[in-house]
1. Please list, in chain and number order, the residues 5+ apart from B:Asp177 or on another chain whose amide H is under 5 Å from its amide H, with Hs placed from the backbone.
2. Which of A:His213, A:His358, A:His34 ends up with the largest GNM mean-square fluctuation for chain A, with Cα atoms connected below 10 Å?
3. Can you pull the percent of chain B's accessible area that's carbon plus sulfur, 1.4 Å probe, other chains left in place?
4. How big is the B/A interface in buried accessible area, both sides summed, 1.4 Å probe, to the nearest 100 Å²?
5. Largest first and to the nearest Å, give the Cα extent of segment B:208-265 along each principal axis.
6. Residues in segment A:93-122, backbone N under 19 Å from the label point at B:Thr143 (7 Å along the Cα-to-beta-carbon vector): list them, ranges by number please.
7. 7 Å along Cα→Cβ for the label point: how many nanometres lie between A:Glu247 and each equivalent label in the other copies, listed shortest first?
8. What is the calculated FRET efficiency for B:Ile379 to A:Thr322, with r their C-beta to C-beta distance and R₀ = 56 Å, to the nearest 0.05?
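The values are calculated or read from the model by the stated rules, or taken from the named source; none is laboratory data. Treat the numbers as computed from the prediction; the structure is a model and nothing was measured. Note: ideal-geometry Cβ built from the backbone for every residue, glycine included; neighbour counts use all protein chains shown. When the accessible area is computed, the model is the full protein with side chains, heavy atoms only, and any ligands, DNA or RNA have been set aside. Shrake-Rupley method; radii C 1.70, N 1.55, O 1.52, S 1.80 Å.
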Number of protein chains: 2
Amino acid sequence: MGIVVQKYGGSSVADATGIKRVAQRIVNTKRAGHDVVVVVSAMGDTTDELRDLAEQVTPLPPPRELDMLLTAGERISMALLAMAIAQLGHQARSFTGSQAGVITDSAHGRAKIIDITPGRIVKALEDGSIAIVAGFQGVSQDTKDITTLGRGASDTTAVALAAALGAEVCEIYSDVDGVFTADPRIVPTARKLDRVSHEEMLEMAASGAKILHLRCVEYARRYGIPVHVRSSFSTKEGTWVVADPTEGTDMEQAIIAGVAHDRSEAKITVVGVPDKVGEAARIFEALAAGEVNIDMVVQNISAAATGLTDISFTLPREDGQTAMGALARIQDEVGYDKLLYDDQIGKVSLIGAGMRSHPGITARFFAALASAGVNIEMISTSEIRISVIVDEAQVDSAVQATHSAFDLDADEVEAVVYGGTGR
Amino acid sequence: MGIVVQKYGGSSVADATGIKRVAQRIVNTKRAGHDVVVVVSAMGDTTDELRDLAEQVTPLPPPRELDMLLTAGERISMALLAMAIAQLGHQARSFTGSQAGVITDSAHGRAKIIDITPGRIVKALEDGSIAIVAGFQGVSQDTKDITTLGRGASDTTAVALAAALGAEVCEIYSDVDGVFTADPRIVPTARKLDRVSHEEMLEMAASGAKILHLRCVEYARRYGIPVHVRSSFSTKEGTWVVADPTEGTDMEQAIIAGVAHDRSEAKITVVGVPDKVGEAARIFEALAAGEVNIDMVVQNISAAATGLTDISFTLPREDGQTAMGALARIQDEVGYDKLLYDDQIGKVSLIGAGMRSHPGITARFFAALASAGVNIEMISTSEIRISVIVDEAQVDSAVQATHSAFDLDADEVEAVVYGGTGR
């Protein structure tokens, strides 16, 4: 049997009891005949506590040092997990991101994996050991400094390792049972998906479903890694994220995978932009220079009388101040009238690979929103997704109405724990 | 000006306030024109807290993983210290033991430094940075695994780095003002020593004075590194530990440097050992095989009638069980009568380079003990030290009587804080 990579989030290893429970599950997998590589996050709220410590020292910690600090969290959890496995009579060796060969660029706090050189992991597996790897961290190729991959990136470490090791599956454990058709806190009748495609999961992650880290799904899709999202608190099957969910089954692909929502964005409108070639480019160049991530963009048709147009776009709320500053600095150059900032918005997205071959999905989606009295402020679509921006206060009813309109409701409410994903 | 190595103990960096205070002191040294390398311990009780966590997981943590766990402590303190220095407008870079080039053997939990390859530290200093190095830790030459050097070994890291970098001084900061003629908690009139020789400090450290780690002093003596022991809570001069305390001064070397005591030892007596060649060797071979560290050894003159002798020795109390087990296993082979174990003992030592040229010191020491009603159980001497084993309950009065008998008392009680050394 092949290699299994398992990733456990912080909520699964929050205390000694959790660590022992996870150790037992790892040992069971080993006893079943697999080579096991485990990626682990920091215990519970450790990362936040370390951030708080940094804040007590300085409001602006140098990114290199913040990474050095935060990586202490996984060092603690991985060593404890290796100890708990030893206590169960199996050999385990823990490895930092650097030791595991997670090579990154030098962008502290949001480093990207450039390469994985897992020589020490392979050696440990050959020795019959279980390898425990610190999630979320690596070492920069240029400066050999310790880097972190950004919040929630332990998922990415796991999938990247699975790809580098040719693992047969990457199991992502958290405190939820799998991927649901909607957030069960909003839609109690949401169903757990048994199987979902990489591309649908990618759209769901990009649309605010917090169950898997976006870069993790990108990695899994690129390298064709099957990802099994499941709970560390039960032995139930979770959700399989695979290239083709219908393969090896006699089922048809569902038209709609689910409804995602996102309350983390804000909307900026640049009012009265002269409708000339190059004006929009200048605006988005300024935002890119400030490293602001833009999501949806809408440009109104310009009023013939004035030759002016409005450009609206959405972005992470945390980038709001940076973006407003960058735009204010180019007001004279661009000659726009004013800026509007709105962070009382939410995004609701309908995702499904079946959209490609089923017309009328958009109409049914918008009809559901209209019947729930939800006003659409912006629209954006991909081949397998439709997203709308609505008033933040209407997000819940928009999600519920959409979920019902596409017959996604389960016959009965499944017992689920839906908290953070513990990353 | 040259390189200054500063070492700060855990009590000096116990919280954000302490870290900021230490950062200010480091920056002051940098502003005075020195290149500064800082070795830092884990914050406050962090190391003990990590040990507790390990204990919650398993009573027998694998040493490799325990080292991985414990080294998280310095990682946190050094990153926070680098941040605090940045906040004061200076550049600082933190380095793990591995990054700093602290190469050790593979004895997890008590690794010895084999080599220091401080290339990254030198580079950081050349760039104008302050280098912050994790104390207590290194990387094994053979396996590239993370190692720790044993409790209190951050002092050793500092002196070893000072030697490798050719530093002009190694400053050891803690919460005490320096080295005293006796523990001020027992002798309120104890005096702070301005200067003491490496060899005297070595005997004091070996005799239970906890102010400096034994291996640190050995390193300092071997490489001739001046060590300045001082408090991080004041700017007062502390105690200089140097090769020749009289050099450059017009003072004579004091006859007696101080009185040390140690309550951490136990005594084992092997009763009724056949007085034949090789019996003692067999006993101490068995102890050595169990990695038991022996301190003092006394063998009685054998009783002519029986041809039997008693062998007594002292050892760390924590090795007591191991030693008793090792000896029990060779009882039939050696043919001794029985074992006695006593951990209600204490060691009191008088230390001074002047002993060499001043006869009568021993007589005066023993007279002082006698007048205080203290019974001597064992005696051991070196060229510059006399140690006696006494009843643990009499340690305080033995130290006080000796301190007075050699006129070590100060005219007035100095205001000192004497706690742990914060390592």
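1. B:Val417
2. Ranking A:His213, A:His358, A:His34 by mean-square fluctuation puts A:His358 first.
3. Working: 8330 of 16990 Å².
Solvent-exposed carbon and sulfur of chain B make up 49 percent of the total.
4. Values: alone 18640 and 18660 Å², together 34010 Å².
Adding both sides of the contact gives about 3300 Å².
5. Extents along the principal axes, in whole Å: 39, 29, 24.
6. Output list for this probe position: A:93-101, A:119-122.
7. Output for A:Glu247: 7.5 nm, nearest copy listed first.
8. Working: r = 75 Å, r/R0 = 1.33.
With R0 = 56 Å, the Cβ-Cβ based efficiency is 0.15.
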